[in-house]
Amino acid sequence: MSPRGYLAFAILTAIGAAGCAEKHWSKPDATVEDFNRDSHACGLEAQRGVFVGVPVNTRVYRSCMFARGYRRVEGGQWVGLKD
């Protein structure tokens, strides 16, 4: 591969990696206990009314977490359900 091809490959790889950066939950001043309690409560709420074989309704879980003040950010502190 030519030097130009390597450069193009490197640029595309960097762009792809930046676009796929992992987002996790974060909330200012929240402790791990706060997150575990809130995530569990939202997980239970997200399980209500789902079909067999579908563990949680991701939309409901995320809405619940947002309502409790959490945000999904790159490099966030905690991994929640279905993240």
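The values are calculated or read from the model by the stated rules, or taken from the named source; none is laboratory data. Worth saying up front: this structure is predicted, and the values here are computed from it rather than measured. In this analysis, Cβ positions are derived from the backbone assuming ideal geometry, glycine residues included, and neighbour counts consider all displayed protein chains.
Tally the residues that are in contact with a Leu (Cβ under 6 Å, 6 or more places away or on another chain) and at pLDDT below 85, restricting the search to region 51-83.
1
In this structure, is Arg48 charged (D, E, K, R), over 19 Å from Glu74 (Cα atoms) and modelled with pLDDT under 90? Let's see the steps before the verdict.
Values: charged (D, E, K, R): yes; over 19 Å from Glu74 (Cα atoms): yes; modelled with pLDDT under 90: yes.
Yes; evaluated as a whole, the condition is true for this residue.
Restricting to region 25-50, what's the tally of residues that are surrounded by 11 or more Cβ atoms within 10 Å (Cβ to Cβ), among the polar types (S, T, N, Q) and free of Cβ contacts under 8 Å to residues at least 12 places away in the same chain?
Final tally of qualifying residues: 2.
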